[in-house]
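The values are calculated or read from the model by the stated rules, or taken from the named source; none is laboratory data. The structure presented is a predicted model; accordingly, all values stated were derived computationally and were not measured. Please note: Cβ atoms are built from the backbone with ideal geometry, for glycine as well, and neighbour counts cover all protein chains shown. Ligands, DNA and RNA are excluded from the accessible area calculation, which covers all protein heavy atoms including side chains. Shrake-Rupley method; radii C 1.70, N 1.55, O 1.52, S 1.80 Å.
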2 protein chains.
Amino acid sequence: MVEHRWSLSTLVFSVAFIIVVSYSAQSLALKHSSRFLGKFAATGTHFEPPQFLYETRYFQQRLDHFSFSELPTFPQRYLISTDHWVGPQRLGPIFLYCGNEGDIEWFAQNTGFVWEIAPQFGAMVVFPEHRYYGESIPFGSAKEAYKDATTLSYLTAEQALADFSVLITDLKQNFSAKDCPVVLFGGSYGGMLAAWMRLKYPHIAVGALASSAPILQFEDIVPPETFYDIVSNNFKRESSTCFNYIKQSWDEITSTGQTYNGLERLTKTFNLCQKLKSTVDLYDWLESAYSYLAMVNYPYPSDFLMTLPGHPIREVCKKIDGVPAGTNILERIYEGVNVYYNYTGKEKCFELDDDPHGMSGWDWQACTEMVMPMSSNQDSSMFPPYEYNYTSFQEECLNDYGVKPRPKWITTEFGGHDIHATLKKFGSNIIFSNGLLDPWSGGSVLQNISESVVSLVTEEGAHHIDLRPSTQNDPYWLVEQRETEIKLIEGWISDYHQKNKAIFDM
Amino acid sequence: MVEHRWSLSTLVFSVAFIIVVSYSAQSLALKHSSRFLGKFAATGTHFEPPQFLYETRYFQQRLDHFSFSELPTFPQRYLISTDHWVGPQRLGPIFLYCGNEGDIEWFAQNTGFVWEIAPQFGAMVVFPEHRYYGESIPFGSAKEAYKDATTLSYLTAEQALADFSVLITDLKQNFSAKDCPVVLFGGSYGGMLAAWMRLKYPHIAVGALASSAPILQFEDIVPPETFYDIVSNNFKRESSTCFNYIKQSWDEITSTGQTYNGLERLTKTFNLCQKLKSTVDLYDWLESAYSYLAMVNYPYPSDFLMTLPGHPIREVCKKIDGVPAGTNILERIYEGVNVYYNYTGKEKCFELDDDPHGMSGWDWQACTEMVMPMSSNQDSSMFPPYEYNYTSFQEECLNDYGVKPRPKWITTEFGGHDIHATLKKFGSNIIFSNGLLDPWSGGSVLQNISESVVSLVTEEGAHHIDLRPSTQNDPYWLVEQRETEIKLIEGWISDYHQKNKAIFDM
């Protein structure tokens, strides 16, 4: 079972944030490319051309903001639109999306909310890319930047926040917009960055909408089983038989794999393009599908990671439950994941991730700062049971990346423990929005902290659904949620104007 | 006058913070030792043995908290006393003094307030040393650490704050004191660190007493003339003739220096041990005396930088004004500074700083992050007129240390512009205490920002007098100020207990 343990802890990295996928176009050029991510890159190409218009610009950034080492600068890409901005005289706000671990154009396309509300706010829109992703690569090329622990060492959240702060300060100066209020947006890891940036740089931004931001998924702040329990509950609530079939399937896979010709049979059952090398790879493939399904369990058809129907888990379970009685459990499972991996019906066979240990930006971040302990509970989870073990995690990071994780650093730098007590009378103007179907919601802030550090929870929401472009099919709770967010942001801005006026009049 | 410009801008560094002096014991071992600072180190030895009892310990710190570069760790010294701590069960508070640019033992001796109030709070006391000062030296030796811009590059305020945060997190764990509230203290640059740490690490400390912390002395937030105007006003309020004599003395020095044998005559007039090489050195020596006098213009005899009488500027001006009519202006000046440099009467002659460009930790910080523009106004200042010029400042830093300053970094990282608007509804529990005689008060926060981010101003106070050990001669306003501070700190702690209880009961 040692092999299997690795499987789950890899998954923890891989699913860490769905958005990691967008990096994959880049990752093809890396030392270790990852097919698992590559799959999502492919879906990225399904997208319609961007609906939102912007200019692409570049800003030279320091590699280490917190030392004076002589290091090469790197070009940070950012997308910018001033089309609807009412300008500095009218103190037109600046909407800043905190780019996360992927190509910024992909985030821009998938964060319709910001673009859609910009006109009514008369806001400038800026989407800076996160360092080491997309085109914002230090050392001249992704190959060099991702070469080893030394070149990767400046890929940290603190440096990214400093990038945003330096960039926006420079932009404000160039636009003579010193007094224009900045509002932060971010989803997933980008939501964490948005919340942290409001806390660390209150002089730069007046508020933050942090959607699906699991800032509490560190150390022992939330139980390590949270993530997989929520994924599992997504399935259980659709069908307990579906949940049970999945839960039983792992042993079935293992025992089949151990039989003569078992790997061939699994290869056939799951319609894999290449012969399965190990059942671990199949575990990975299935675990990924279930986890991502929970994240994008949207109530309408979507095309974020994969082309999927609305309520995709319902559809998966319909297939798993719906095949004729007496059908082999693995065939049921195959019918289910086929909804996820091949809803369009275009796939002739499936390629598994052939290098699950491949280095990607997020893998590095997960092995350094973003140490998020995750376990799978024997009873409540439909995944194979797994107990998080920091020692073996550290060993893997040392082996794979030559780096020792700092598991307590994020809570030291950004906090997290006792966040309600800490922020009750400190900080202001943060929205933590979460959908309870999203497995990352368990690591986020689900209760109001103060009058202006608030939590918006939707029972039927999935991963940062509020930031997605609006659709004809948006349910009323989603429309309402976005209206609340708009009202809160309006409040921050008018409060800012009042305070500025009061100070000015003093 | 080019030479002279350098003189004043050097002064800006040198007087940047009086506490720089405590580094001097160390600096003797450095590539460039500084006699100017050395003088203060000597006074350090006048002190009685420490009145406060503590243990000295060391903690291994990362050199760069914000990257994963493989760098050697260094031992951070810290002084600790648990004598009065009531322990974790009773949530005994932890008083953390933010060590500034010097030997931490010197600060511990001169921060009696923290030691004196610890028993009534049942508090643990911790004085961590600032990296690159005292014994907390990276790379094995001061010689190596101060070798060049590369080895010095990790000497930044952000790294120092991270040091404090990592240290206190570790200490709390070792003492099972996770829930014990931490209160920050700091004076001068240490006060800036205390305020910034409360803002950046609210999860680590419940409040900060930031005494004489000029967090607004950056860019154009306050007028660059502030510092020298306040020094000058210290003299003017004692005696306008004294002010005028000093104001006239610079031309007298210059013209004397230009005459035949003029430097010899100045050497004799000012009782210098070595022949004066340039009038610039004499300018430096006098400007330093006046600036430091303003900082330590305490109402009682003190022994902080030099052994001095109470109201030392009054005494200096008495001498300057009091010599017989017709006395040469330079002889008057000499009689005045003699009070500062030789109150004990033990000095046979005076050694000027023989290496005013010597590299010290604070000089490095002033040439990198701590870029504090300062000018001397032709009319209001008694110092030679000088207009701050960033271009030449940058050139000097490049020449001297091979480093380019980042003049906008501090305001980007920590804010400062529009601080009242920014912090009105953000942050809590900070006291900015200032005495208006202190030339650094002009760059500090002199008005309340919110209910709990408050300003305590004393008209007759000088540089962080509130943090000094209490004396029999403390005026009533100082006693009152400290009582107010104690009440505010008590409020933070009881508020913390209540919030914790409320969360716990939830």
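Spelling out what I want: for every residue of the range B:385-399, take phi, set θ = phi - 60°, compute 6.51 cos²θ - 1.76 cosθ + 1.60 (Karplus), and round to whole Hz; glycine and proline get x.
Each residue of the range B:385-399 in turn: x, 7, 10, 4, 9, 5, 4, 6, 4, 4, 4, 4, 5, 5, 5 Hz.
Nearest-to-axis residue of chain A, judged by Cβ, for the A-to-B rotation, with distance in whole Å?
In residue-and-Å form, the answer is A:F66, 2.
Could you list which residues have their amide H under 5 Å from that of B:I449, counting only those 5 or more apart in sequence or on another chain, with H placed in the peptide plane?
Distant-sequence amide H within range of B:I449: B:V454, B:S455.
Could you tell me how many degrees, from 0 to 90 and to the nearest 10, lie between the Cα long axis of helix A:329-341 and the main elongation axis, the longest principal axis, of the Cα atoms of chain A?
30 degrees
Which whole-number percentage describes the relative contact order of chain B, with Cα contacts under 8 Å and a sequence gap of 6 or more?
Numbers: 963 pairs, mean separation 98.2, N = 506.
Dividing the mean separation by the residue count of chain B yields 19 percent.
Near A:K499, which aspartates and glutamates are there with a Cα under 13 Å away, not counting those fewer than 8 places off in the same chain?
Hits, sequence-local ones excluded: A:D179, B:D418.
Using a 4.7 Å cut-off between beta carbons, which cysteines in chain A end up with no partner cysteine at all?
Those would be A:C98, A:C180, since no other cysteine Cβ in chain A comes under 4.7 Å of theirs.
Could you please state how large a percent of the accessible area of the range B:225-342 is carbon and sulfur, counting protein chains only and using a 1.4 Å probe? Walk me through the numbers on the way to the answer.
Working: 2060 of 4380 Å².
Carbon and sulfur atoms account for 47 percent of the accessible area of the range B:225-342.
Need one number: nm distance between label points at B:Q51 and A:Y300, each 7 Å from Cα along Cα→Cβ, rounded to one decimal.
Placing both labels 7 Å along Cα→Cβ, they lie 7.2 nm apart.
7 Å along Cα→Cβ for the label point: how many nanometres lie between B:G322 and each equivalent label in the other copies, listed shortest first?
10.3
What fraction of the Cα pairs in the range B:359-506, stated in percent, has a spacing above 23 angstrom? Walk me through the numbers on the way to the answer.
Numbers: 6227 of 10878 pairs.
Value for the range B:359-506: 57 percent of Cα pairs lie more than 23 Å apart.
In nm, to one decimal, how far is the modelled label at B:E331 from the one at A:C273, with both set 7 Å along Cα→Cβ?
With each label point 7 Å from Cα toward Cβ, the separation is 9.9 nm.
Under the definition of partner shielding as Cβ atoms of other protein chains within 10 Å of a residue Cβ, what is the mean value for peptide A:53-63? Walk me through the numbers on the way to the answer.
Values: counts 0, 0, 0, 0, 0, 0, 0, 0, 0, 2, 1.
Going residue by residue through A:53-63 and averaging, the value is 0.
In the range A:133-160, which residues become less accessible by 40 Å² or more once every protein chain is in place, relative to the chain on its own, using a 1.4 Å probe?
Those residues are A:S153.
Using only the alpha carbons of the range A:98-179, what is the convex hull's orientation-averaged projected area in square nanometres? Write down the numbers at each step before the final one.
Numbers: hull surface 25.2 nm².
Averaging across all directions leaves 6.3 nm² for the Cα convex hull.
May I ask for the angle, rounded to the nearest 10°, between helix B:279-295 and the longest principal axis of chain B, with both axes built from Cα atoms and the value confined to 0 to 90°?
Approximately 40 degrees, to the nearest ten.
Compute the acute angle (0 to 90°) between the alpha-carbon long axis of helix A:240-258 and the principal axis of greatest extent of the alpha-carbon atoms of chain A; round to the nearest 10°.
Helix A:240-258 sits at roughly 60 degrees to that axis.
Quantify how strongly other chains surround peptide A:201-211 by giving the mean number of their Cβ atoms within 10 Å of each of its Cβ atoms.
Numbers: counts 7, 7, 14, 5, 0, 4, 0, 0, 0, 0, 0.
Per-residue shielding by partner chains comes out at 3.
Give the Cα extents of the range B:40-154 along the principal axes, in whole Å, largest first.
Projected onto its principal axes, the Cα set of the range B:40-154 covers 45, 39, 16 Å.
Would you work out which of B:T327, B:T307, B:N233 lies farthest towards the positive end of the dipole of the range B:225-342? Charges go on Cβ: Lys and Arg +1, Asp and Glu -1.
Working it through, the farthest residue towards the positive pole turns out to be B:T327.
Write down the accessible area per residue of the range B:435-496 in Å², having rolled a 1.4 Å probe over the full set of protein chains.
On the way: 2540 Å² over 62 residues.
For the range B:435-496, the per-residue accessible area is 41 Å².
Magnitude of the Cβ-charge dipole of the protein assembly as shown, K/R +1 and D/E -1, about the Cα centre, nearest 20 debye?
On the way: 76 positive and 120 negative charges, 10 e Å.
Computed charge dipole of the protein assembly as shown: roughly 40 debye.
With the label 7 angstrom out along Cα to Cβ, how close does B:E451 come to the same site in each of the other copies, in nm, nearest first?
0.8
Would you kindly compute the Cα radius of gyration of the range A:329-426 and its largest Cα-Cα separation (Dmax), both in Å?
19.0, 57
Mind computing the radius of gyration and Dmax over the alpha-carbon atoms of the range B:225-342? Å is fine for both.
Values for the range B:225-342 (Cα only, Rg and Dmax): 13.9, 43 Å.
In terms of Cα to Cα distance under 13 Å, which aspartates and glutamates are near enough to A:K425, apart from those fewer than 8 places away along the same chain?
A:E451, B:E451, B:D495
Quickly rank A:318-330, B:149-161 as a protection proxy: mean count of other C-beta atoms within 10 Å, highest first. Can you show the working numbers first?
Working: A:318-330: 14.4, B:149-161: 22.7.
Answer by packing, highest mean first, reads B:149-161, A:318-330.
Taking 10 °C and 1.306 mPa s as the conditions, I'd like the Stokes-Einstein D for the protein assembly as shown in µm²/s, using the Kirkwood hydrodynamic radius from alpha carbon pairs.
Values: Rh = 30.7 Å.
Stokes-Einstein gives a translational diffusion coefficient of 52 µm²/s.
Roughly how much of B:V222 is accessible, in Å² to the nearest 10, using a 1.4 Å probe?
It works out to around 20 Å².
Using a probe radius of 1.4 Å on heavy atoms only, what accessible surface per residue do you get for the range A:225-342? Whole Å² is fine. Walk me through the numbers before you get to the answer.
Details: 4390 Å² over 118 residues.
Heavy-atom accessible area per residue stands at 37 Å².
Just the accessible area for A:C349, please: 1.4 Å probe, Å², rounded to the nearest 10?
Rounded to the nearest 10, the figure is 40 Å².
Which whole-number percent is the relative contact order of the range B:225-342 (Cα, under 8 Å, 6+ apart)?
Working: 121 pairs, mean separation 32.2, N = 118.
About 27 percent, as a whole number.
Hey, got the Cα dimensions of chain A along the principal axes, in Å, largest first?
82, 52, 45
Pairs to check: B:K143/B:K404; B:K236/B:K348; A:K424/A:K487. Give those whose C-alpha atoms are more than 28 Å from each other in this structure. Before the final figure, lay out each step's value.
On the way: B:K143/B:K404 22 Å; B:K236/B:K348 30 Å; A:K424/A:K487 22 Å.
Exceeds cut-off: B:K236/B:K348.
Divide the volume of the convex hull of the Cα atoms of the range B:238-284 by its number of residues and quote the answer in cubic angstrom per residue.
On the way: hull volume 3.8 nm³, N = 47.
Looking at the range B:238-284, the number lands at 80 Å³ per residue.
Under the rule of -39500 (n - 2.57) per DSSP H run of 4 or more residues, summed and divided by the residues of chain B, what mean residue ellipticity at 222 nm is obtained, to the nearest 500 deg cm²/dmol?
Numbers: 20 runs with 224 residues, N = 506.
Mean residue ellipticity at 222 nm (helix-derived): -13500 deg cm²/dmol.
Chains B and A: how much accessible area gets covered up at their contact, both sides added, probe 1.4 Å, in Å² to the nearest hundred? Intermediate results must be reported in sequence, preceding the final value.
Numbers: alone 20450 and 20440 Å², together 36370 Å².
In total, chains B and A hide about 4500 Å² from solvent.
Could you work out, residue by residue across A:67-75, how many beta carbons of other chains sit within 10 Å of that residue's beta carbon, and then give the average as an integer? Can you show the working numbers first?
Values: counts 16, 18, 10, 6, 3, 0, 0, 0, 0.
Counting Cβ atoms of other protein chains within 10 Å of each residue's Cβ and averaging gives 6.
Hey, what D do you get for the range A:269-394 in µm²/s if you plug the Kirkwood alpha-carbon radius into Stokes-Einstein at 10 °C and 1.306 mPa s? Present the calculation step by step, with values, prior to reporting the outcome.
On the way: Rh = 16.4 Å.
Value of D from the Cα-based Kirkwood radius: 97 µm²/s.
May I ask you to give the average projected area over all directions of the convex hull of the Cα atoms of the range A:425-506, in nm² rounded to one decimal?
On the way: hull surface 26.4 nm².
So the Cα hull casts an average projection of 6.6 nm².
List, shortest first and in nm to one decimal, how far the label point of A:E70 (7 Å from Cα along Cα→Cβ) is from its counterparts in the other copies.
2.4
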